[in-house]
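The values are calculated or read from the model by the stated rules, or taken from the named source; none is laboratory data. Just so it is clear, the model here is predicted, and its values are computed rather than measured. All Cβ positions, even for glycine, are placed from backbone atoms using ideal geometry, and neighbour counts span all protein chains on display. Just so you know, the surface numbers come from the protein's heavy atoms only, side chains and all, with ligands and any DNA or RNA stripped out. Shrake-Rupley method; radii C 1.70, N 1.55, O 1.52, S 1.80 Å.
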Amino acid sequence: MRKYKFLKSPLYLTILIFLTIPSVYLIINQYLYINNSINNQQFIHKNNDKPINNSNNITTSQADTKNTYSKRNFSGSNLKHSNEGIPVLMYHSISNRTGNEIQLSKNLFEAQMKLLKDKNYTTLSLDELYDFINYNKPIPKKSVVLTFDDGYVDNYLNAYPILKKYNFRATIFVITDNVDKYSHTINSPQIKEMSLNGIDIMSHTEKHENLLTLTYDKQLYSLKTSKNFLEKVTNKKVDYIAYPYGKWNKDTLKAAQDAGYTMAFSTSGTWTDKSDGIYKLDRVYISSNFDLSEFERRLTNRNYNNIHSKNMLSQ
């Protein structure tokens, strides 16, 4: 027994603690920074991202102040109606960070937007999509909807300038409890600016809750709270919502209607059409693992992935 006495010595304990600290730090850091499993956690947590209490940290460009985007009526022969589908693309973060497939690099995103422009795609607003699905108002055959989930600040810093470059419309579904709180999420001035310049700002609930775990009353509270917050910031109606993780149940559909939403999105992996139901529309998941050929395949082939099923986690 004497030969193991050194294990209880202060020096040994000090060395043991010193050797353990880096491993513990790495584990905590990885958990807080990014959970790489897309089926576990959609929202990206940034390490050392403290709440923002200083208004000086809230910055925005003053360049764009006039809303030049209005709902369009399309005419001509090369149109489609609501019996046909349309790809509603689902993005998250546009960032040069690596290690998580929901973070697309700026270069990859730019290449995808250039492909859309070169192939003469029309990007629709959600109002235009709603009229297409609900009222069968025709849209161009090559139409697409661009959506971004969560409300990362890189949507403003990286995606927004590219969208403006190509004069594209898009929608950001925002987790409202994060607005003005963290450096990695968008703030109110950025929301206002983008809302005036072709970017719809819509709800992704208050706190990115798994709605399946909430009662009807709690779902309704989250949906109403986020809607009211965004309407106050943008001074516009917020009629549309994307369910966190794409999960919903009967209570969710009722809560969405009762909260005043007129259209809602899941994350099921196929094109959107009226057969989905106006409160459970499909979307097409876009990953940083996809090259341009896979991006174009999802853009042009509504049956690109038949193994997807309704209500699956695809982000």
On the given criteria, is Ile162 of a type outside the set (S, T, N, Q) and crowded, with 24+ Cβ neighbours inside 10 Å? no
Scanning the stretch 272-304 residue by residue, those assigned to a loop (DSSP other than H, G, I, E, B) and of a type outside the set (D, E, K, R) turn out to be Gly277, Ile278, Tyr279, Ile286, Ser287, Ser288, Asn289, Phe290, Asn301, Asn303, Tyr304
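Let's see how each residue does on (1) closer than 16 Å to Asp149 by Cα; (2) in contact with a helix residue (DSSP H, G or I) (Cβ under 8 Å, 6 or more places away or on another chain); (3) not aromatic (Phe, Trp, Tyr):
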{"site": "Phe168", "(1), (2), (3)": "no, yes, no"}
{"site": "Asn178", "(1), (2), (3)": "yes, no, yes"}
{"site": "His184", "(1), (2), (3)": "yes, yes, yes"}
{"site": "Leu196", "(1), (2), (3)": "no, no, yes"}
{"site": "Thr205", "(1), (2), (3)": "yes, yes, yes"}
{"site": "Lys224", "(1), (2), (3)": "no, yes, yes"}
Just to be sure I understand the filter: pairs with C-beta atoms under 9 Å, separated by 6 or more residues or on different chains, first member in the stretch 220-237 and over 14 Å from Lys207 (Cα atoms), second member open to solvent by 90 Å² or more (accessible area, probe 1.4 Å) and outside any helix (DSSP H, G or I). Which pairs pass? Glu231/Lys237
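Does Lys280 satisfy the criteria of being free of Cβ contacts under 8 Å to residues at least 12 places away in the same chain and either among the β-branched types (Val, Ile, Thr) or open to solvent by 30 Å² or more (accessible area, probe 1.4 Å) (or both)?
no
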Open to solvent by 30 Å² or more (accessible area, probe 1.4 Å) and within 16 Å of the chain's Cα centre (by Cα): is that true of Leu157 in this structure? yes
